Amino acid sequence: MKVIKVFFIFLLVAAVVVSCKEEAMPKPEAALRLDYPLPVYINTVLGGCPFSMEINKAAVADQKGNCAYNVNYSSMNATVFLTYKEVDGNIDSLLMDAQKLTYEHAVKADGIIDQPFINDDENVYGMFYRISGDAASQSQFYVTDSVRHFLTGSLYFKTKPNYDSILPAAAYLENDIRKMMESVRWIDKEVK
């Protein structure tokens, strides 16, 4: 009987101690703050390629083939893949391939917005694609003069697509990709 009284007193004291805690309060919502440096663009001629473009100083362009470059953003774990092809009576197939590459992301994308680009002064015409949702690529473009030159660019992150997580970096890089596309200038020489 004495053991039961001691146990009962112990339970009563434990209940009083546990119930005297302060009421739980929800923590305020936090927002992730990502500060990216202001871009500094450098006019760049990629070795052996018949075009120049402005590339962010924070990126590193690595040659992967004949006029194929990876523009790496190591701090964001992202790469813009650039591929140049010479037009040789095949502009229709080049355009179809570029559009097909973009619209293959429609399965996972929430939306694809295409924005035409025209620079009559420099003879540069193309399309910029903004892809929203959990697609593998968030931005793509192609530019051409319709006669000799065709250039594509695609942004990919080296992580599983999660649109909410990569949105700040994707928005920052979208501006860089637009700058690349809008600053393309053709160099009239033979492609090596």
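Quick notes
- Residues that are at pLDDT 95 or above, loosely packed, with under 13 Cβ neighbours inside 10 Å and among the charged types (D, E, K, R), drawn from segment 89-123: ASP92, ASP120, ASP121
- Sole exception among (1) within 18 Å of CYS67 (Cβ to Cβ); (2) charged (D, E, K, R); (3) in contact (Cβ under 8 Å) with a residue 12 or more places away in the chain for ASP88, by number: (3)
- For segment 129-162, the candidate set comprises residues that are surrounded by 18 or more Cβ atoms within 10 Å (Cβ to Cβ) and of a type in the set (A, V, I, L, M, F, W, C); within that set, the residue that is farthest from the chain's Cα centre (by Cα) is PHE150.
- For segment 38-61, the criterion of being surrounded by fewer than 16 Cβ atoms within 10 Å (Cβ to Cβ) and in contact with a Phe, Trp or Tyr (Cβ under 6 Å, 6 or more places away or on another chain) is met by none of the residues.
- Residue in segment 129-139 that is aromatic (Phe, Trp, Tyr) and either touching an Asp or Glu at 6+ places or on another chain (Cβ under 9 Å) or within 25 Å of SER75 (Cα to Cα) (or both) present: yes
- If you go through segment 71-123 and keep only what is over 24 Å from TYR36 (Cβ atoms), in a loop (DSSP other than H, G, I, E, B) and not acidic (Asp, Glu), you end up with VAL87, GLY89, ASN90, LYS108, ASN123.
- Members of segment 163-186 found to be modelled with pLDDT of 95 or more and more than 11 Å from the chain's Cα centre (by Cα), listed by number: ARG178, LYS179, MET180, MET181, GLU182, SER183, VAL184, ARG185, TRP186
- Every listed requirement among (1) touching a residue at least 24 places away in the same chain (Cβ under 8 Å); (2) more than 17 Å from the chain's Cα centre (by Cα) is met by THR79 save one, (2).
- Residue within segment 133-142 that is of a type in the set (Asp, Glu) and either modelled with pLDDT of 95 or more or in a helix (DSSP H, G or I) (or both) present: no
- Search result, residues across segment 81-127 that are over 19 Å from GLU174 (Cβ atoms) and basic (Lys, Arg): LYS85, LYS100
The values are calculated or read from the model by the stated rules, or taken from the named source; none is laboratory data. Computed from a predicted structure; not experimentally measured. Using ideal geometry, Cβ is built from the backbone for each residue, glycine included, and neighbour counts are taken over all protein chains shown.
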